[in-house]
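Everything below concerns the one structure shown next.
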């Protein structure tokens, strides 16, 4: 049995292409499990996983929890917004308390970039990064690539544009790493104020005209404007943003080809995409959600295989 080259999933930048293919092949098998009448396998009956969310999350947390339960792992949920972290307990204290309960794996979302890497050096458990600040969100990028592969047969050679707030987006960064690793061509599109200055050094193109970007691409991944992270105004108004960078059905239908629309969620309907785009046959947003469980099952299963050695 082939295995991952890493003991943790801290970011896509630590993976190689073989790791990604192994995760996808494993997810293929779990996708078949999810669609059975009995959706559980006993693979991780002896593994305990702690979900540590220091930032609010609904979809990612539910997806991980479902993946863990489908694999029959024991699950501990820990929401830092209601915990002693508010009383000044450090990340290490919190984790050591949880590890003293004999936890094998920690799935963590944290507002600080690099929190997962820090943790992996200090605790004896396998760490899965469920998002660290504006840095990385590796399982989201994996499920996005997996969804493209499922829809278009392969990721290599495809033209993918990521549209929106690239500056504050961990999804964008992880997606760029994952897509480049698999041989896709990547461009970013958005207001200049929301594009990082270093972006071209990652080997991606920049297109500030949305129509041109959509004519070029096979897949458009539409990011939401992260209002909770915008401490200053990066564009004049939401209405202006929508006029310049929002996708509606009329725009989609006017393109010279049919493109695939993706969105990591949650959607600001009517801002980055309209409802008739989100719910159209070109959208694979609901497939992404379903694939998220299969991908997270694959990641947890492959990391657990290394714990058991």
Strands (runs of 3 or more DSSP E) contained entirely in the range 105-191, each with at least 3 residues that are over 30 Å from residue 238 (Cβ atoms): 105-110, 126-132
Inside the range 189-202, can you point out the residues that are within 20 Å of the chain's Cα centre (by Cα) and over 15 Å from residue 247 (Cβ atoms)? 194, 195, 196, 199, 202
Checked 153, 205 against criteria (farther than 19 Å from residue 268 by Cα, without any contact (Cβ under 8 Å) to a residue 24 or more places away in the chain and surrounded by 14 or more Cβ atoms within 10 Å (Cβ to Cβ)); the one match is 205
Residues that are farther than 30 Å from residue 18 by Cα and in contact with a strand residue (DSSP E or B) (Cβ under 8 Å, 6 or more places away or on another chain): does the range 238-245 have at least one? yes
Any residue at all in the range 42-50 that's surrounded by 15 or more Cβ atoms within 10 Å (Cβ to Cβ), closer than 26 Å to residue 144 by Cβ and touching a strand residue (DSSP E or B) at 6+ places or on another chain (Cβ under 8 Å)? yes
If residue 102 satisfies every condition in (1) assigned to a loop (DSSP other than H, G, I, E, B); (2) touching a helix residue (DSSP H, G or I) at 6+ places or on another chain (Cβ under 9 Å) but one, which is the exception? (2)
Exactly one of 254, 280, 233, 237 is within 22 Å of residue 59 (Cβ to Cβ) and more than 20 Å from the chain's Cα centre (by Cα), and that residue is 280
Among the residues of the range 4-15 satisfying the criterion of being in contact (Cβ under 8 Å) with a residue 12 or more places away in the chain and within 17 Å of the chain's Cα centre (by Cα), which is surrounded by the most Cβ atoms within 10 Å (Cβ to Cβ)? 9
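Throughout, read-outs are computed from the coordinates displayed, never taken from laboratory work. Just so it is clear, the model here is predicted, and its values are computed rather than measured. Positions of Cβ are backbone-derived with ideal geometry, glycine not excepted, and every protein chain shown enters the neighbour counts.
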